[in-house]
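Written out below as structure tokens is the structure these notes cover.
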Number of protein chains: 4
Amino acid sequence: MSAINVGIIGVSGYTGLELVKMIHTHPVFELSYVANSEGGTTLATLHPSLAKVCDMQVHKADPKEASKLCELVFLALPHKTAMAVAKPLIEYGVKVVDLSADYRLELDTYEAYYTKHTDKENLKNAVYGLPELFKEAIKKASLVANPGCFPTSAILGAYPFLKYRKADTPLIVDAKTGVSGAGKKLSETTHFVHVNDNLFAYNPLSHRHAPEIAEKLSLSKEEVHFVPHLCPITRGMISSIYMQVKEEFDEKKVLEECYKDEPFIRIVKQPVDMKNVAGTNFCDIFVKRQGDLLFISSAIDNLQRGASSQALVNANLMMGLNEDLGVPRIAYVP
Amino acid sequence: MSAINVGIIGVSGYTGLELVKMIHTHPVFELSYVANSEGGTTLATLHPSLAKVCDMQVHKADPKEASKLCELVFLALPHKTAMAVAKPLIEYGVKVVDLSADYRLELDTYEAYYTKHTDKENLKNAVYGLPELFKEAIKKASLVANPGCFPTSAILGAYPFLKYRKADTPLIVDAKTGVSGAGKKLSETTHFVHVNDNLFAYNPLSHRHAPEIAEKLSLSKEEVHFVPHLCPITRGMISSIYMQVKEEFDEKKVLEECYKDEPFIRIVKQPVDMKNVAGTNFCDIFVKRQGDLLFISSAIDNLQRGASSQALVNANLMMGLNEDLGVPRIAYVP
Amino acid sequence: MSAINVGIIGVSGYTGLELVKMIHTHPVFELSYVANSEGGTTLATLHPSLAKVCDMQVHKADPKEASKLCELVFLALPHKTAMAVAKPLIEYGVKVVDLSADYRLELDTYEAYYTKHTDKENLKNAVYGLPELFKEAIKKASLVANPGCFPTSAILGAYPFLKYRKADTPLIVDAKTGVSGAGKKLSETTHFVHVNDNLFAYNPLSHRHAPEIAEKLSLSKEEVHFVPHLCPITRGMISSIYMQVKEEFDEKKVLEECYKDEPFIRIVKQPVDMKNVAGTNFCDIFVKRQGDLLFISSAIDNLQRGASSQALVNANLMMGLNEDLGVPRIAYVP
Amino acid sequence: MSAINVGIIGVSGYTGLELVKMIHTHPVFELSYVANSEGGTTLATLHPSLAKVCDMQVHKADPKEASKLCELVFLALPHKTAMAVAKPLIEYGVKVVDLSADYRLELDTYEAYYTKHTDKENLKNAVYGLPELFKEAIKKASLVANPGCFPTSAILGAYPFLKYRKADTPLIVDAKTGVSGAGKKLSETTHFVHVNDNLFAYNPLSHRHAPEIAEKLSLSKEEVHFVPHLCPITRGMISSIYMQVKEEFDEKKVLEECYKDEPFIRIVKQPVDMKNVAGTNFCDIFVKRQGDLLFISSAIDNLQRGASSQALVNANLMMGLNEDLGVPRIAYVP
């Protein structure tokens, strides 16, 4: 198969680096353009671990330039910046996988939780890039909104059981995440001394990923109760989901049936842990029941399945490739 | 005030060490007897950090010997072993604070979750040593059952809101604990390589602390849904509690009112964290509401408020002293 | 004994917090003044762990105001700022323990490694506050320059063996430190994701603590080879010292003899570790020999013996108190 | 190229797992036999992260059986056990890469530091598998002794400068290692609570890797002074090497010249760190000079370059393949 040229805009951060690492070894994609906001540097200068692996010039982001060199571009940019770049790229006929929040939500919800939307036209046609739920639509999409990390783990855990859910009961997602989800930006919250040997909730019941979870599960915002906790861990995420259900059913069978053809979901018999999925696109899911309450535990790598490797799966689908092509499955264990 | 002689049986482990450290600097208690299962060693041999601080002979545990030297003895022993030692101590007229599970539960529950009880007589008279709930009874007790770490954090968080709780809804406790709670014993679960940069639930919905939480909150076992998670942290514990409530009320006011005279409860305005309570007897509590659901976050040091410093408060009360005498309030921060 | 009023200027950082915690429980010192660069806040706002422990108004630093309220003031300020505050304090007759580098070095060395000195007068009379080496001078001093953390651990380890040192051989100090030594300031180097599961040397052979080590050991700068490494640890410091020696002698006996009357030095038989000294003023030292080479391993808590608790010992000495009054000896173990 | 069948004996541990992960994606090697001491299990049972990735039957180790299925076998076994298996494998005509210490040392040294050697015949012909030093011999070898992790990092750092070394001066190696080097075995030293937020030297000046370093650098045992430190890190190793040198030369040029054709050595301008090599076969080396002393800092992944990926390079060479075939170069960053 002839190579497909792809680019990455926003290559300085953690998710940009993950994309570089995967595309560098991808059997079909060829990395033809990388950019960040300033340019004038190289990949191995930004990321010393890429020395002798994959070095190339990093440009100042320019959608037109990118469109000449790429059939598809990954945007690893903050929200707001992302839509300003996606809009011209789509116009130039380039396919886009956007890792930001800009095309994930209905307009009203987006503007209530983020900022004014400046690309409503494309927002209408954007597909939410959670392959297990929207695979066929992703295949035909020009613009895929890559899901948030918390929504990915929460939705994949809750989705199989929605039809058994007791109406008018709260869906509770108690999530635990590593620090890389906060990005490279310096803040008191990411200072080693503050995080090490510590753990705390942040934005409890008011995090912006809650409406994303609700919308994609077709629940109202009021039904989803989402509390993330920051943990002294570099990468990894577990959503502990509590759902009240209305009748007897075999919860393990339901789970297995739901995902039986999915290459990146593993139903596990022991409670999930973070390391078994670190570095991969897997989502491991465990379920157990006590009375009317389901406990569902869903683990992903926040930077991979929660961002970059899921973006790669989406790109594979959009370009007519097998979804698992070049997608990492071997965990950072031990 | 003249010194009161106290002893510790089970001085090799983490909670034994914490007791030594606090009694060594206590203004009234004098450490007159320390023992473990083998004897023939010294405190500073067992715990090198005690060199030049507090060294003394460690005896092979002998209740009779202890009774000659102590008015009160702390038992930092595994369950089953504890009741075998407590029984003669009580008989010899010594007061006992037992850090194990042996005297915490109703007989039936105990035998269902632990083992056959061999000291039913004293079990009847034992007082559950959670000072905020049972202070007056503790003052008169000869035998105090020191609460488990998870129950301490969960009960202190849930208790103030019980009367607002919607009947027949699940009380969910999603707890996060440091590794010291598992003790010094070697196991795959406490191997550094297994725990570091990792996180996982264990015994979800079937941990032995669940019936303890239920019993002390006067709930049925079926109503309490308890899932602990192990975190790459040495000491600290947070219980994230989710409770459905039936009417509008001012949750912060209720919390403050409930604990307004308590020296070791702090109501905090930001989500609790583990480090602010590490090394102390404080329980920090945060509450927030979304619709009918309360999120209560309650942090303690699992070795102190979850074991040793709470035992010291109980001992203070049992001996007619101020409850906060010699009890640590200055956190291991940073 | 009647209380002695003391103050702390620079109360926002880690060393300021440590000073507050110790003075709060000190039997003679009374905390009468605390300040930082802005003022207008309280201790418990700056440091939430002090809630219900020790709250008081934090003032905008003002030497004159401090001089009215205090007999002695601790300066937990950056270098350069410290001497600007120390100078008027000394003028007003207040004793000063300065935790910065401003009064530690000979003028030439200071100006070569730091900045222009603006208080040369007091520099002449300042005493280097390493009690084991300069106790008598400290007792009479009005201004004590509290040693740097690396020099404290390196000097205490190397000092007993200097007379056996082979001339013209390098003294090598390979140090390992926790992250709190870098302070609260945000930087790439203190970002959790950068430090966690990582380790690296920084400023190898060119760190500013090297000339301090050399000067206090009466060695030339060329003889001291100092390489610090940053470790994923909050607090703690170990200096691994390699010294070539010229004759046979009993290295353990030399060490024990040298420090036999010192309350805060422990000679240990197993290699030192960081946790056994965490939270305390102890310096644990281990020595072993292979041929002509001594390996000396010296552990301290970088925030306590490397800063705040050593400052408290100095203050005790300066005020005619026992050096160990209120100085922590009980480690953060486990 | 047609597949080459290889096997792994000792597949339960960390290095066995690393081998499985690499061979699974290797373009030429085919994993045809895996075994441990008990058998009767599968790879994904032993290592849950291999579920849906690479599952196969794990046999009870049997050299004869292995010899029927494999052209080359990796031994990821403890010393002593390894030679008992290597001997028959060699006899059956199978090539062997032994990750244990059994064939690394001269007979006398081996027996002085380990145990009685039971396969002296093959010991004579074994080649020390450090590719940068012994590439041509490895290509022709039937039995390669894969180097120890500490020797790998120390030798690669020191080797280029040996000819400049001042005679009769100590070569000092102050090494820092993650905990995975200690293996899966439970011990007090690998308990999370003991290691977390801690650091300590172990076996200072008496570790068994010291004679290995000496022998391969053609130094006497007395000249090498080796002190390893255990760090709260899962994987990674840095050797800080101090060498006295006798004349002026350009240390960076010497280093670059020495390794200019080596695909797995990177000369870096900033001090090395552990994360940039984690998961890879790279050895990053930094050098700096002060007077007559060189500071050389050399970083590897203890499980990969220090064991499994280096074993794979050796296997590639022994089978006539390119040394870098299937060898990981993309680091676990962040």
Item checked: Subset tally (residues that are in contact (Cβ under 8 Å) with a residue 40 or more places away in the chain and basic (K, R)) for segment D:222-258 -> 2
Checklist line | Close pairs from segment B:1-17: first more than 12 Å from B:A61 (Cα to Cα), partner among the basic types (K, R), Cβ under 6 Å, at least 6 apart | finding: B:G13/B:K184
Checklist line | Failed item in (1) buried (at least 16 other Cβ atoms within 10 Å of the Cβ); (2) in a helix (DSSP H, G or I), with B:H117 passing the rest | finding: (2)
Margin query: Take A:T177 and tell me if it is closer than 25 Å to B:V277 by Cα and either surrounded by fewer than 21 Cβ atoms within 10 Å (Cβ to Cβ) or not assigned by TED's automatic domain parsing to the domain that holds A:L17 (or both).
Written below: yes
Check: Across segment B:319-334, what is the number of residues that are surrounded by 22 or more Cβ atoms within 10 Å (Cβ to Cβ) and farther than 16 Å from B:P27 by Cα?
Finding: 4
Notebook entry, point to check: Within segment A:173-213, which residues are aliphatic (A, V, I, L, M), within 12 Å of another protein chain (Cβ to nearest Cβ) and either within 13 Å of A:F150 (Cα to Cα) or not in a strand (DSSP E or B) (or both)?
Noted result: A:V173, A:A175, A:V179, A:A182, A:L186, A:V193, A:V195, A:L199, A:L205, A:A210
Notebook entry, point to check: Can you pull out the residues in segment A:198-249 that are basic (K, R) and at pLDDT 95 or above?
Noted result: A:R208, A:K216, A:K221, A:R235
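Can you tell me which residue is nearest to the chain's Cα centre (by Cα) among those in segment A:77-89 that are crowded, with 23+ Cβ neighbours inside 10 Å and assigned to a helix (DSSP H, G or I)?
Once the filter is applied, the top-ranked residue is A:A82.
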Next item on the list: Specify which of the listed residues (D:F282, D:F286, D:F295, D:F264) is of a type in the set (F, W, Y), touching a Cys at 6+ places or on another chain (Cβ under 8 Å) and in the same structural domain as D:G178 (by TED's automatic domain parsing).
Entry: D:F264
Note to self: Just to check your reading of the model, which residue among B:Q310, B:Q290 is without any contact (Cβ under 8 Å) to a residue 12 or more places away in the chain and surrounded by 18 or more Cβ atoms within 10 Å (Cβ to Cβ)?
What the structure shows: B:Q290
Margin query: For a quick check of your reading: which strands (runs of 3 or more DSSP E) sit entirely within segment C:230-334 and have at least 2 residues that are within 11 Å of chain D (Cβ to nearest Cβ) and among the charged types (D, E, K, R)?
Written below: C:283-290
Notebook entry, point to check: Are any residues in segment D:138-168 exposed (fewer than 14 other Cβ atoms within 10 Å of the Cβ) and closer than 16 Å to D:M319 by Cα, and if so, which ones?
Noted result: D:K140
Note to self: Among the residues of segment B:1-21, what is the count of those that are farther than 22 Å from B:K68 by Cα and not in a loop (DSSP other than H, G, I, E, B)?
What the structure shows: 5
Next item on the list: Just give me the residues in segment A:13-35 being at the interface with chain D (Cβ under 10 Å from one of its Cβ atoms) and of a type in the set (F, W, Y), in sequence order.
Entry: A:Y14
Check: Just one of D:S153, D:S218, D:S187 is on the phi > 0 side of the Ramachandran plot and among the hydroxyl-bearing types (S, T, Y); which is it?
Finding: D:S218
Checklist line | Count - residues of segment B:154-196 that are under 24 Å from B:K221 (Cβ atoms) and among the charged types (D, E, K, R) | finding: 6
Note to self: Consider segment D:101-128. How many of its residues are without any contact (Cβ under 8 Å) to a residue 40 or more places away in the chain and closer than 25 Å to D:E18 by Cα?
What the structure shows: 2
Check: Which residue, of C:K269, C:K260, C:K252, is of a type in the set (D, E, K, R) and under 22 Å from the mean Cα position of the chain (by Cα)?
Finding: C:K260
Margin query: Six or more apart or on different chains, Cβ atoms under 6 Å: show the pairs whose first residue is in segment A:53-73 and of a type in the set (S, T, N, Q) and whose second is assigned to a helix (DSSP H, G or I) and surrounded by fewer than 20 Cβ atoms within 10 Å (Cβ to Cβ).
Written below: none
Notebook entry, point to check: Residue check: is D:G183 under 23 Å from D:K275 (Cα atoms) and in contact with a strand residue (DSSP E or B) (Cβ under 8 Å, 6 or more places away or on another chain)?
Noted result: no
Next item on the list: Examine segment A:143-164 for a residue that is over 30 Å from D:V333 (Cβ atoms) and among the aliphatic types (A, V, I, L, M), and state whether such a residue exists.
Entry: yes
Next item on the list: Identify, from the list C:P228, C:P211, C:P232, the residue that is touching a His at 6+ places or on another chain (Cβ under 6 Å) and not polar (S, T, N, Q).
Entry: C:P228
Checklist line | Count of residues meeting criterion [part of a helix (DSSP H, G or I) and either among the small types (G, A, S) or in contact with a Pro (Cβ under 7 Å, 6 or more places away or on another chain) (or both)] in segment B:120-135 | finding: 0
Notebook entry, point to check: Restricting the search to segment C:39-76, which residues are within 23 Å of the chain's Cα centre (by Cα) and assigned to a loop (DSSP other than H, G, I, E, B)?
Noted result: C:H47, C:A61, C:C70, C:E71, C:A76
Next item on the list: Take B:K260 and decide whether it is out of contact with any strand residue (DSSP E or B) (no Cβ under 8 Å at 6 or more places or on another chain), closer than 18 Å to B:P131 by Cβ and at pLDDT 95 or above.
Entry: yes
Notebook entry, point to check: What number of residues within segment C:188-207 satisfy the criterion of being buried (at least 20 other Cβ atoms within 10 Å of the Cβ) and closer than 18 Å to C:L105 by Cβ?
Noted result: 1
Notebook entry, point to check: Taking the condition touching a strand residue (DSSP E or B) at 6+ places or on another chain (Cβ under 8 Å), farther than 19 Å from A:C149 by Cα and of a type in the set (G, A, S), does A:A3 pass?
Noted result: yes
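The values are calculated or read from the model by the stated rules, or taken from the named source; none is laboratory data. Please read these numbers as outputs of a predicted model, since none were measured by experiment. Glycine gets a Cβ as well: all are built from the backbone with ideal geometry, and neighbour counts include every protein chain shown.
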